[in-house]
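Written below as C-alpha cells is the structure these notes are about.
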Amino acid sequence: MHRKFWIGALAVALLISLGWGYNEYRLAGEYRLAAENNNHRALTDFASHLNQLETDMAKGDVASNPTQKILYLSQVSSKSDSALKDFAQIPSDQAGLSYVGEFLTQSGDFARTLTQRIAGGGTISAEEEKTLRDMHERLLPVNQKVQDIMNRMDTENLVWIDPKPSLRQRLGFGGTQIAEAAADGSEAPSKSVRSGLDQLDASLQKLPPFSYTGEFATRVVSKPLGLPSGNVTRGQAQGVVRDFLNKVGYTNTTPEFAGESQGPLGGYMWKYENADLEVSRQGGVVTYYRDQRSIDPRTMSIEDATSRAKSILKALGWQLVLTSSEDYGSYVQFDAVVEENGVRIYPDKVRLMIALDNGHLIGLDAAPYYAFHHTRTFPAKITMNQAVRKLRANFKILESRLTVIAKTGNQEIYCYEFRGQYQGEEYLLYLNASTGAEEKIQRIIKTPRGEYLQ
Amino acid sequence: MKLRVRPWRVVLIIGLILSITLSGIAYAALGDRLLGRGSKGPEVKELQAKLVQLGYGLGKVDGKFGSKTEAAVRNFQKDHGLRVDGLAGTNTIKELKRLTSQNTNASGKAVGNKAIDTNLLARCVNAEARGEPYTGQVAVAAVIINRISDPAFPKTVADIIYQPKAFSSVDDGQINLPPSASALRAAQEAVNGSDPSGGALFFFNPAKTKNKYIWSRPQIKKIGNHIFTK
C-alpha cells in the first residue's frame, strides 16, 4: 500500500517535471529562434545596405549635374547611417573600436559634407572627387567580404560568434584558438560571422586614414589651446589647490593626492573632504572642481546666486559673462563665456555651480575654456543691417550680437547671433558674419530648470 | 428585545460616511493638503509617481504614504534645498510639480519632456556606476556621449548602449532598473556637455575585468572604482 503510493507519487512528479522541462525547452527554442531571426535580419540588412551604398557611391561619382549629385550623395549618407545601425546589432563577444564602423561613419559624413556644399551652390574639388573614389575603392572589397560571409552562412553553417574553447582545449590538449588568429587579422578562413567581420576590421585598420574636413573626420583630440605654458610639479599643484579652496570658502586645507590623469588636459587629481579637484600638469590651473557636501535648505534666490557667481568668477581671476542658468533646487548651474570687444566666444566656456544655502562655489568645469581659448583674429564682416536683411520675413528679433560658435569637427565660425520669434517659437539663428550664410539654427525650449537649446 | 430604528440617526450616519469617503475621493488634488506618514489616496499616488519619475524610488506606487515614501520625500527635500521633514507640504509639492512639468516652447505650448535619450543614459549610469562617486557617474555618461562623436561607434545613445557586449548591464538586465536621482542628474549633466572623464571612450573596473583589449587602451584617469581609457 505504502509502496504503491510512493511509486504513484514519484511517477506523477516525474510526469510534471517532464512536462515542465518540455515547456521550458520549447520556450527556449522560441527565444533562440527569435534571436536568430533578429541576427539574420541585422546581417542581411547590413549586407543589403552596403550593397546599395556601393552602387550609390559609384553613381554619385559619375553624376555631373548638381541635382543628381545631391540625390546620390545624400543617399550615400543615409545608406551608410543605416548600415552602421545594422552593423551595431550583429552579435559579438566584445565591443571595441570598429574600423568598419569608422569607415561607414566617415563615408556618410563626407558625402553629407559634399551634399551640403553642392546644395549651397558650391563645387567639389578634384581632390575631394579623388577621396570619394578612394572611398568607393575601399568599399568594394568590404562589400565583397560581407557578401562572402552571407554565402558561407548558407553553405557552411557559419555560427554567429566563435565558440568558447572546449574543456579539452582549455586544458591544453590541442585545438587552435580561432579568436587569436582573427585578432591578428591573418587570413585563416573564419569560422564565425564575427571573426569574419573582425578580419575585415583588421584589414581596414592597416589602410591609411582619409583626409577630409567633416564632423567625424578624426578621432584624435587636438592639443589644448588655452593652457598657460610650462609644467608644474605635484607640490606646486597642491599649492594651486589650496589657493583655490581658500578662494571658494575653505581655509587651511590639506588636500590629499588622488592620482594622476593623462590626456590633453591631464594632471594631478586631489581630494579634500567631499570635494574632488583636478589641476593640469601644463600651466597648473584648476580644470575641474566638484564639491559633494550636503547642502542645507535654500536661503538664496536665483538673483542672489547670479551676483555670487559674478563675484566668484572675479575672485578666481576670470573675465567672463554669464549666458545661462539652470535651477537644480539646491544649487544653480551657470555657463559663462568670454566676451571680447562685444563678441561672445561660446567655445571658451566655464561652467560653475553655486550652492543656494550659503552661496559658495560647489562646482567648476573649465575644461572647455582651457581646450579652446586662444587669441582670435576676425575676418572682415558684413554690417548688422546687411545681416538683418538676410533673415526671413516675420522673424521678430529680440536680441542680436556678434559671436564665435563651435561647429562640429573642432571648427569655429564668426557669426551674427539673432535671438527672435517666429510663428510662436523662439530661435537662435546664426548667420556667418563674413558671408551672411545661415550656419546654425537652435530652437529654445523652456524646461522646468531653465532654457534649453535644441 | 426589539430593535428600535430611528430614521434620523440612519440618515445622519449614512451622510457622515458619504461625506468622509467623498472628500477623500472626489476632491483630492496634489497640493490641497499636507501629506505625511499614513496619508492615503490618489494624491499620494500622484506624489509617488512624481518622486519615482525624478529617480526617488519607493517600491510600489500604491497610494499609501509609508516609510519608503517618507524616505523618498526626505531624499528629495535634501537634494532640492528644502527643509527635510518627510512631509509633503506646499513647498515640497510646488518643487516636485515644477521639476516634473513638461517643457514648453516660447508661446507656452507643451512639447513633452524631450528626455528620451537622457532617460536611457541615466538607466545605463545607474546600472554601471551605482555606488560610484557622483563625478564617476557623470564620467560614465560622458563616455557614451563621447562615443557618439567618435567615428568608430554608432551614432545614437540607444545604438551605443544596446550594441552587443558593449555594456555588461545590458547583458544581465540591470539596465532595466529604474534610474536613481543621482544617475538622472549625472546623465543630464553629461548631455549638457560636462566631461570629467577627459574624453574617454571606455571605462572598466580593474578588479573585475581581464579583457586584454580594454587593458591595452591608453588610460586617462581613475575615478572611484573605474579606470577611464581612450
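The values are calculated or read from the model by the stated rules, or taken from the named source; none is laboratory data. Keep in mind that what you see is a predicted model, and the values were worked out from it rather than measured. Neighbour counts are summed over all protein chains in view; Cβ atoms, including those assigned to glycine, are modelled from backbone coordinates with ideal geometry. Areas reflect the complete protein model, heavy atoms only, side chains present, ligands, DNA and RNA absent. Shrake-Rupley method; radii C 1.70, N 1.55, O 1.52, S 1.80 Å.
Filtered by the rule that a residue be more than 17 Å from residue A:299 (Cα to Cα) and surrounded by fewer than 19 Cβ atoms within 10 Å (Cβ to Cβ), region B:71-84 gives B:71, B:74. Scanning region A:282-292 for residues that are in contact with a Ser or Thr (Cβ under 9 Å, 6 or more places away or on another chain), more than 10 Å from chain B (Cβ to nearest Cβ) and surrounded by 21 or more Cβ atoms within 10 Å (Cβ to Cβ) yields a count of 1.
Open to solvent by 10 Å² or more (accessible area, probe 1.4 Å), within 14 Å of another protein chain (Cβ to nearest Cβ) and in contact with a Phe, Trp or Tyr (Cβ under 7 Å, 6 or more places away or on another chain), is that true of residue A:96? Yes: the conditions hold for residue A:96.
For residue A:27, indicate whether it is away from every other protein chain (no Cβ under 14 Å) and farther than 21 Å from residue A:137 by Cβ. It is true that residue A:27 is away from every other protein chain (no Cβ under 14 Å) and farther than 21 Å from residue A:137 by Cβ. Residue count for region B:96-108 satisfying the condition of being crowded, with 21+ Cβ neighbours inside 10 Å and facing chain A (nearest Cβ under 8 Å): 0. Within region A:128-154, residues that are within 14 Å of residue A:48 (Cβ to Cβ) have Cβ atoms under 8 Å from residues that are of a type outside the set (Gly, Ala, Ser) and exposed (fewer than 15 other Cβ atoms within 10 Å of the Cβ) in these pairs: A:150/A:44, counting only partners at least 6 apart in sequence or on another chain.
Residue by residue through region B:90-145, note down the ones that are in a helix (DSSP H, G or I), of a type in the set (D, E, K, R) and modelled with pLDDT under 90.
The initial filter retains those residues of region B:90-145 that are in a helix (DSSP H, G or I), namely B:90-100, B:116-129, B:134-145.
Of the ones still in play, those that are also of a type in the set (D, E, K, R) are B:94-95, B:97-98, B:117, B:123, B:128.
If the condition is that a residue be in a helix (DSSP H, G or I), of a type in the set (D, E, K, R) and modelled with pLDDT under 90, then B:94, B:95, B:97, B:98, B:117 are the ones that fit.
Every condition in (1) within 23 Å of residue A:65 (Cα to Cα); (2) surrounded by fewer than 20 Cβ atoms within 10 Å (Cβ to Cβ); (3) within 14 Å of chain B (Cβ to nearest Cβ) is met by residue A:137 except one, and the failing one is (3). Residues being open to solvent by less than 70 Å² (accessible area, probe 1.4 Å) and free of Cβ contacts under 8 Å to residues at least 24 places away in the same chain: count how many of those fall in region A:396-418. Total satisfying the criteria: 2.
Need a quick list: helices (runs of 4 or more DSSP H) entirely within region B:161-230 having at least 1 residues that are at the interface with chain A (Cβ under 7 Å from one of its Cβ atoms), of a type in the set (D, E, K, R) and surrounded by fewer than 17 Cβ atoms within 10 Å (Cβ to Cβ).
Numbers: elements: B:168-171, B:181-191, B:212-216.
In region B:161-230, no matching helices (runs of 4 or more DSSP H) lie anywhere.
Output the residue which, of all residues in region A:108-119 that are more than 10 Å from chain B (Cβ to nearest Cβ) and of a type in the set (Gly, Ala, Ser), is least open to solvent (accessible area, probe 1.4 Å). Applying the filter and picking the extreme gives A:111.
One residue alone among A:312, A:295 is of a type outside the set (Gly, Ala, Ser) and more than 13 Å from residue A:351 (Cα to Cα), and that residue is A:295. The residues of region A:251-273 that are in contact with a strand residue (DSSP E or B) (Cβ under 6 Å, 6 or more places away or on another chain), among the polar types (S, T, N, Q) and either more than 10 Å from chain B (Cβ to nearest Cβ) or surrounded by fewer than 17 Cβ atoms within 10 Å (Cβ to Cβ) (or both), listed by number, are A:253, A:262.
When the criteria are applied in full, residue A:148 meets the requirement of being over 31 Å from the mean Cα position of the chain (by Cα), assigned by TED's automatic domain parsing to the domain that holds residue A:113 and modelled with pLDDT of 85 or more. Out of the residues in region A:35-84 that are of a type in the set (Gly, Ala, Ser) and not in a helix (DSSP H, G or I), state the one that is surrounded by the most Cβ atoms within 10 Å (Cβ to Cβ). Across region A:35-84, the extreme among qualifying residues is A:63.
Residue count for region B:44-89 satisfying the condition of being out of contact with any strand residue (DSSP E or B) (no Cβ under 7 Å at 6 or more places or on another chain) and part of a helix (DSSP H, G or I): 20.
Identification of helices (runs of 4 or more DSSP H) wholly contained in region A:165-234 with 3 or more residues that are modelled with pLDDT under 80 and open to solvent by 60 Å² or more (accessible area, probe 1.4 Å) yields A:167-170, A:178-184.
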